[in-house]
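Remarks on the structure that follows.
The values are calculated or read from the model by the stated rules, or taken from the named source; none is laboratory data. Note that the structure is predicted; figures quoted are calculated from it, not measured. Counting neighbours? That spans all protein chains shown, and the Cβs are built from the backbone with ideal geometry, glycine included.
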């Protein structure tokens with residue numbers, strides 16, 4: 001039951017609120033901002049570069065300003081539904097020990113829905129991007145449950161990007177870094193209570209682990225190109241000039 005000041009919301013309505021939050025997160029997550037930004041330049045982003053509507057491909061094809069804009073929009077479409085669900089159901093700003101496992105699972109369903117919306121968009125025939133930016137925004141918005149572990153994953157992402165030069169490798173490493181960082185964050189100082197404490201707080205670990213596996217699956221083609229030496233490295237030559245030149249030639 002949700003308590004709002006002197007008022008309370010019955011369990012049935014509370015369930016309906018959660019369902020509405022989850023469905024809304026999927027719909028918002030499905031918005032293909034990369035495709036929309038491409039159309040502003042007269043380019044079908046799904047036909048160029050890696051043919052992916054995510055920020056990395058948008059940056060390669062359209063340039064940094066559009067890539068950064070796509071990243072911010074993809075992060076926002078994960079963060080906003082998660083924050084709204086947290087406030088509506090009064091689970092935000094509460095540590096794991098103050099939440100039931102059911103509450104944690106229901107709140108986690110919101111970022112999962114947003115990520116699935118990005119990966120399997122209803123607006124793109126259930127196709128989409130890798131879900132990294134949307135996942136980052138939605139998980140970082142789960143304050144304080146997953147905020148710090150998610151920002152720890154950003155450090156992992158940056159380190160792997162600098163060392164490997166592959167965005168795909170950095171993204172996969174960061175995705176798996178979140179459940180590991182979360183697990184470390186919930187281990188209590190009192191070792192006698194470690195097992196029950198960790199078990200109670202385990203839902204975010206398992207769910208973020210599943211999300212990491214989804215991110216790995218979505219990057220399978222990138223990994224294949226890396227093995228074949230065909231995957232562009234970060235900081236490498238961009239295709240933007242060639243693509244925009246081709247587009248200009250078509251319109252002349």
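How many residues, within segment 85-121, are touching a strand residue (DSSP E or B) at 6+ places or on another chain (Cβ under 7 Å) and more than 27 Å from residue 54 (Cβ to Cβ)?
Residues in segment 85-121 being touching a strand residue (DSSP E or B) at 6+ places or on another chain (Cβ under 7 Å) and more than 27 Å from residue 54 (Cβ to Cβ): 2 in total.
Take the residues in segment 139-150 that are surrounded by fewer than 24 Cβ atoms within 10 Å (Cβ to Cβ) and part of a loop (DSSP other than H, G, I, E, B); name whichever of them is farthest from the chain's Cα centre (by Cα).
144
Taking the condition of being farther than 14 Å from residue 136 by Cα and either in contact with a strand residue (DSSP E or B) (Cβ under 6 Å, 6 or more places away or on another chain) or assigned to a helix (DSSP H, G or I) (or both), how many residues in segment 39-77 meet it?
Adding up the residues that qualify gives 18.
Looking for something at pLDDT 95 or above, part of a helix (DSSP H, G or I) and surrounded by fewer than 17 Cβ atoms within 10 Å (Cβ to Cβ) - is there at least one such residue anywhere in segment 28-36?
yes
Anything in segment 85-102 that is part of a helix (DSSP H, G or I) and either surrounded by fewer than 19 Cβ atoms within 10 Å (Cβ to Cβ) or at pLDDT below 95 (or both)? List them, or say none.
If the condition is that a residue be part of a helix (DSSP H, G or I) and either surrounded by fewer than 19 Cβ atoms within 10 Å (Cβ to Cβ) or at pLDDT below 95 (or both), then 87, 88, 96, 97, 98, 101, 102 are the ones that fit.
From the list 136, 87, 71, 66, exactly one residue is touching a residue at least 12 places away in the same chain (Cβ under 8 Å) and over 17 Å from the mean Cα position of the chain (by Cα). Which is it?
66
Among (1) at pLDDT below 90; (2) closer than 22 Å to residue 37 by Cβ, where does residue 233 come up short?
Evaluating residue 233 over (1) at pLDDT below 90; (2) closer than 22 Å to residue 37 by Cβ leaves (2) as the failure.
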